[in-house]
Amino acid sequence: MALKTLIFSFLVLSFHTLTTAATADQPSFFVRSIDREMTEKKENYSHFRFYWQDIVGGANATSIPIIESIPKFNLTSTFGLTRVIDNALTVGPNRTSKLVGRAQGFYVSTSQTEYDFLMIQTFVLFEGVYNGSSITFLARNPINEKVRELPVVGGVGRFRFAKGYARVNTISFDYLTGDTTVEYNVYVSHYHH
């Protein structure tokens, strides 16, 4: 009988330990504070200028349609059009300018009446100390406006805890090919190791 009581007490104690470990009073079960080393890092502020080269046609296309626009909207917008991108980021507006990164992601035409795109893209950099670091954007881009702002929603590498925005304006658009060059002035605050 004593052995049964001992086993029962052990099971009750074990069950109590397991169930209380996941309560709100025990946040360390699924979350912990950020190391002091990370919180003591200095916040950096940077301004980058990139030229986003969107090549939509030809043998070297970097922007590929994966869903075509809905035909009934073709006169007012490209509603429904979805493109996946691996666009060059250059230091100048010319396509032959120095390549410093790639814009990878996709954009979707989300308006039935205007040329607006939902942009989800990561700027992957491979130049200097930023090699392997990236900045991510998620935003509405009304391309007929002269200057647009897109928020920075995060980053990795040198852009840990990134926040900020990009001021975006179209430099050139080729009506025959659809190829576009867009200037991105990115203002970002970030912490890095």
Among (1) under 18 Å from residue 154 (Cβ atoms); (2) touching a strand residue (DSSP E or B) at 6+ places or on another chain (Cβ under 6 Å), residue 130 falls short only on (2)
Name the single residue, out of those in the stretch 150-193 being in contact with a Pro (Cβ under 9 Å, 6 or more places away or on another chain) and charged (D, E, K, R), that is surrounded by the most Cβ atoms within 10 Å (Cβ to Cβ).
183
Between residues in the stretch 126-148 that are closer than 14 Å to residue 190 by Cβ and residues that are part of a strand (DSSP E or B) and basic (Lys, Arg), which pairs lie under 9 Å by C-beta distance while being six or more apart or on different chains?
133/160
Within the stretch 81-113, how many residues are buried (at least 16 other Cβ atoms within 10 Å of the Cβ), part of a loop (DSSP other than H, G, I, E, B) and not hydroxyl-bearing (Ser, Thr, Tyr)?
1
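Identify, please: which residue in the stretch 51-80 is farther than 30 Å from residue 98 by Cβ, of a type in the set (A, V, I, L, M, F, W, C) and outside any loop (DSSP other than H, G, I, E, B) and is, among those, modelled with the lowest pLDDT?
73
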Extreme residue, surrounded by the fewest Cβ atoms within 10 Å (Cβ to Cβ), among residues of the stretch 124-144 that are over 19 Å from residue 53 (Cα atoms) and touching a Gly at 6+ places or on another chain (Cβ under 9 Å)
132
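The values are calculated or read from the model by the stated rules, or taken from the named source; none is laboratory data. Here the structure is a predicted model, which means the values were calculated and not measured. Cβ sites come from the backbone with ideal geometry, for glycine too, and all protein chains shown count toward neighbours.
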